[in-house]
Amino acid sequence: MSQTVLRLEDVCLRYPAGEGGVLRGLSFDVQAGEIVALLGPSGSGKTTTLRAIAGFETISTGRVSVRGTVVANAATHTAPDRRGLGFVFQEQALFPHLDVAKNVAFGLRGRDRGEREEIVRNELAHVGLGGYEHRWPQELSGGERQRVALARALAPRPGVLLMDEPFSSLDAGLRESIRRRLRERLKSSGTTVLLVTHDQEEALTFADRVAVLHEGRVAQIGAAREMYSRPGSAFVAQFLGATNLFDGEASGHEASTVLGAVRLDREASGWVRLALRPEHIALTRPEEDGEVGIVLTREFKGHDVTLRVRWANSVWIIQADYRCEFQEGEPVCLVPREPAVVLATEKR
């Protein structure tokens, strides 16, 4: 059975002079060896959650537990250095008076010199900075400083690692490479990770589970694929990527909509709010006397094509593969390829 390593129970955090709280009854668990991503709009409480777990913020009510030990509640606040957590800051926070090697070795006090040097070399190699040991932080680019911060956090082999936007300063190609290698490293070592990110693709590809925060609460948490495929609300659906929202009149596993009869992912009755991802709608040539849409824009991206189509007085987003031949101004028909996700219902 999985062991719960991090647990937040009804956590609230209010600033002393503040009106209202940043965290408002936040609850979720992280299991041993699991990678969980916190995703949400600015101000939703992502970084504050990480700081509350690490001990850099004092919670007002609720409880934070690490490995079964309560480290924060209304009466307890364990110091950050006694919680046994690794932390990667968004702002990198390197020591300017130490070179790269000494920055990475900072958490290795108590190890003999040879062991420290070997660990430093290995960690820098993992983040693509082999040979940078004697450079100074001010000589590095923002992306290089961020990779040093990652190496420093990983060097002591923390059992639990908190990461705040750890890849934000890296360019696209390097970000994907470092992210892939880091995930392999973390999974092979069994490290438990809680990651804050604003990047939906990063959350879906890097994490085992994704928690979407909204106004200091968990709007939905679940496996990345399940969250994307079956969001529980319009907010979650739209935040995890482009989606098409529309209404219908449901009866069983089918609904009457502007797209015609559409299959549903679950049984429903009466008015329904539905969602279809752009890749779940196909474009076909219109039939005689049938409904006709018009391609408004076409964006060729090499491996795929994004189109905006006017259909039934609304604009729909369609994701097609590179072979799609429809051009701007052409008439098309929209055909659902998957059941629509039922987001809300109202019986009439």
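The values are calculated or read from the model by the stated rules, or taken from the named source; none is laboratory data. Remember, it's a predicted structure, so these values are computed and weren't measured experimentally. Virtual Cβ from ideal backbone geometry, glycine too; neighbours counted across all protein chains shown. Accessible surface areas use protein heavy atoms only, side chains included; no ligands, DNA or RNA. Shrake-Rupley method; radii C 1.70, N 1.55, O 1.52, S 1.80 Å.
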**OP:** Enter the accessible area of Tyr322 (Å², nearest 10), with the probe set to 1.4 Å and all protein chains included.
**Re:** 140
**OP:** Output the relative contact order of the stretch 1-106, whole-number percent, from Cα pairs under 8 angstrom with separation of 6+ residues.
**Re:** 25
Original post:
Just the accessible area for His303, please: 1.4 Å probe, Å², rounded to the nearest 10?
Top reply: 130
Original post:
Long-range amide H contacts for Gly62: which residues qualify at under 5 Å (H placed 1.01 Å from N, peptide plane, sequence gap of 5 or more or a different chain)?
Top reply: Cys12, Ala74
Original post:
Fully extended, how many nm does the chain gain between Ser233 and Arg180 (0.36 nm per residue separation, minus their Cα-Cα distance)?
Top reply: 16.1 nm
Original post:
Sorted by packing (mean other beta-carbon atoms within 10 Å per residue), highest first, where do 255-265, 99-109 land?
Top reply: 99-109, 255-265
**OP:** Choose one of Phe326, Val22, Gly293: the residue whose Cα lies farthest towards the positive end of the charge dipole of the chain (beta-carbon charges +1 Lys, Arg; -1 Asp, Glu; about the Cα centre).
**Re:** Val22
Subject >> Area of Asp208 that stays accessible when all protein chains are in place (1.4 Å probe, Å², to 10) >> reply: 50
Original post:
Tell me, what is the percent relative contact order of the chain, built from C-alpha pairs under 8 Å that lie six or more residues apart?
Top reply: 16
**OP:** Please report how far the C-alpha centroid of the stretch 257-295 lies from that of the stretch 150-219, rounded to the nearest whole angstrom.
**Re:** 36
Subject >> Other-chain or far-sequence residues with amide H under 5 Å of Glu254's (modelled H) >> reply: Leu264, Ala268
Original post:
Which value, in debye to the nearest 20, describes the size of the charge dipole of the chain about its Cα centre when Lys and Arg Cβ atoms bear +1, Asp and Glu Cβ atoms bear -1, and nothing else is charged?
Top reply: 1400
Subject >> Among Pro137, Pro156, Val104 - extreme Cα towards positive end, dipole of the stretch 76-178, charges at beta-carbon >> reply: Pro156
Original post:
In degrees between 0 and 90, to the nearest 10, how far off the longest principal axis of the chain does helix 172-189 point, with axes built from Cα atoms?
Top reply: 70
Original post:
Percentage of Cα-Cα pair distances in the stretch 136-225 greater than 20 Å, rounded to whole percent?
Top reply: 38
Original post:
So what is the accessible area of the stretch 1-154 per residue, in Å², with the probe set to 1.4 Å?
Top reply: 49
Original post:
Across 10 Å bins from 0, what is the distribution of all Cα-Cα pair distances for the stretch 9-133, in whole percents?
Top reply: 11, 33, 29, 21, 7, 0
**OP:** For the chain, find the longest principal axis of its Cα atoms and tell me its angle to the long axis of helix 113-126, 0 to 90°, nearest 10.
**Re:** 20
Subject >> Angle between the chain longest axis and helix 142-154 axis [Cα atoms, degrees, rounded to 10] >> reply: 70
Original post:
Any idea of the accessible area per residue across the stretch 222-282, 1.4 Å probe, to the nearest Å²?
Top reply: 43
Original post:
Relative contact order of the stretch 208-339: what whole-number percent is it, with Cα pairs under 8 angstrom and at least 6 residues apart?
Top reply: 20
Original post:
How large is the dipole of the stretch 124-246 about the Cα centre if only Lys and Arg carry +1 and Asp and Glu carry -1, each at its Cβ, rounded to the nearest 20 debye?
Top reply: 400
Original post:
Which residue, chosen from Gly84, Ala275, Pro336, occupies the Cα position most advanced towards the positive end of the dipole of the chain, where the dipole is computed from +1 (Lys, Arg) and -1 (Asp, Glu) charges on Cβ about the Cα centre?
Top reply: Gly84
Subject >> Percent carbon-and-sulfur accessible area, the stretch 30-164, ignoring ligands, DNA and RNA, probe 1.4 Å >> reply: 48
